[in-house]
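Have a look at the structure below before the remarks.
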Amino acid sequence: MPNVLMPSLTRALDAAGWASLRFNYRGVGRSQGSPASELSELDDVRGALAYAGKAIPVDDTAVIGWSSGSTIALWACAGDADIDVFVGLSPPVSAGGPGIPALPKESMLRDWTTRTLLVRGTNDPACCAEDLAILAKTLSADVETVSDADHAFNGRLAEMSALVTWYLR
């Protein structure tokens, strides 16, 4: 992965005692294959969850997604009773256009009971506080804000990682 956010978070999760699986969607970066359809990313998340569930027997399962990956992860977790915690980092609730997946409809999230944390940076135009509050209300989510952080939490990775690992305890 060419970003530092997810590897940094993976190291923090490891230090906190969480096993984790980090992946790219098929055809992205050094991942093999190519997207088969618009649903490929959703299938990739579901496949990763199935793989991790078999490879690592655990009592609690958390799904963490960043940016548009948080939206795809939200789609994958909707209706999945086996997910204990969902964390959305910088969900692009204020962005739109090509390449930005739409959030699941509120009706799909009506039965959402997963403990949820949404995290945004104060300098993230793709995740404004007002728009995030709407999603948070739908999910009954906790919301945390990292001061002086952009969409990728550059320069604030340790603070964001500490928030996430604290929430998972």
Looking at LEU9 and the list (1) modelled with pLDDT of 90 or more; (2) buried (at least 18 other Cβ atoms within 10 Å of the Cβ); (3) part of a loop (DSSP other than H, G, I, E, B), which single condition is not satisfied?
(3)
Check VAL93, VAL45, VAL85 and return the single one that is buried (at least 22 other Cβ atoms within 10 Å of the Cβ) and not polar (S, T, N, Q).
VAL93
I'd like to know if segment 28-42 contains one or more residues that are part of a helix (DSSP H, G or I), surrounded by 15 or more Cβ atoms within 10 Å (Cβ to Cβ) and at pLDDT 80 or above.
yes
Which members of segment 133-149 meet the condition of being farther than 21 Å from ASP84 by Cα and either β-branched (Val, Ile, Thr) or buried (at least 17 other Cβ atoms within 10 Å of the Cβ) (or both)?
ILE134, THR145, VAL146, ALA149
Counting only residues in segment 95-123 that are modelled with pLDDT of 95 or more and more than 16 Å from the chain's Cα centre (by Cα), the one nearest to LEU163 (Cα to Cα) is identified as THR122
Looking at the structure I just gave you, is ILE64 surrounded by 12 or more Cβ atoms within 10 Å (Cβ to Cβ), farther than 25 Å from ALA158 by Cβ and modelled with pLDDT of 90 or more?
no
Number of the condition not met by PRO101 [criteria: (1) surrounded by fewer than 13 Cβ atoms within 10 Å (Cβ to Cβ); (2) farther than 21 Å from ALA19 by Cα]
(1)
Flagged in segment 14-27 as surrounded by 13 or more Cβ atoms within 10 Å (Cβ to Cβ), at pLDDT 80 or above and over 15 Å from TRP66 (Cα atoms), in numbering order, are ALA16, TRP18
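The values are calculated or read from the model by the stated rules, or taken from the named source; none is laboratory data. Here the structure is a predicted model, which means the values were calculated and not measured. Here the Cβ is made from the backbone with ideal geometry for all residues, glycine too, and neighbour counts use every protein chain on show.
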